[in-house]
Amino acid sequence: MAVFAKVVDTASFAEAARHFGMSPAMVSKHVSTLEERLGVRLLNRTTRRVGATEVGQDITSAACASSPNWKTPIAPPATCKRRRADCCA
């Protein structure tokens, strides 16, 4: 989930990959696996842009709101209060 949230936050598979020390292909695989498990598309992908779908934004917001329940919280609470959709960094 943290990988997906980083992709949403940065709008970049490459940036998320650098953050987590993995290849962009592995980041894509993480996101695809999450989408398959949930049965919904979370990201709209083109060759130039990545953006969260409405469901993807909802999941990101819900995850940020419940970050104490995450295995690895990835955002400071102050950021979540300021901009809920961008809170997972």
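General remarks:
- Taking first residues from region 40-59 that are within 17 Å of Val27 (Cα to Cα) and of a type outside the set (Gly, Ala, Ser) and partners that are exposed (fewer than 13 other Cβ atoms within 10 Å of the Cβ) and at pLDDT 90 or above, the Cβ contacts under 9 Å between residues at least 6 apart in sequence or on separate chains come to Val50/Asn44.
- Residues that are hydroxyl-bearing (Ser, Thr, Tyr) and out of contact with any strand residue (DSSP E or B) (no Cβ under 9 Å at 6 or more places or on another chain) within region 39-59 comprise Thr46, Thr47, listed in sequence order.
- Scanning region 1-46 for residues that are in a strand (DSSP E or B) and buried (at least 18 other Cβ atoms within 10 Å of the Cβ) yields one hit, Leu43.
- Enumeration of residues in region 1-37 that are in contact (Cβ under 8 Å) with a residue 60 or more places away in the chain and within 18 Å of Arg49 (Cβ to Cβ): Ala5, Lys6, Val8, Asp9
- Residue within region 47-57 that is crowded, with 18+ Cβ neighbours inside 10 Å and either modelled with pLDDT under 90 or assigned to a helix (DSSP H, G or I) (or both) present: yes
The values are calculated or read from the model by the stated rules, or taken from the named source; none is laboratory data. Predicted, not measured: the structure shown is a model, and the values here were computed from it. Positions of Cβ are backbone-derived with ideal geometry, glycine not excepted, and every protein chain shown enters the neighbour counts.
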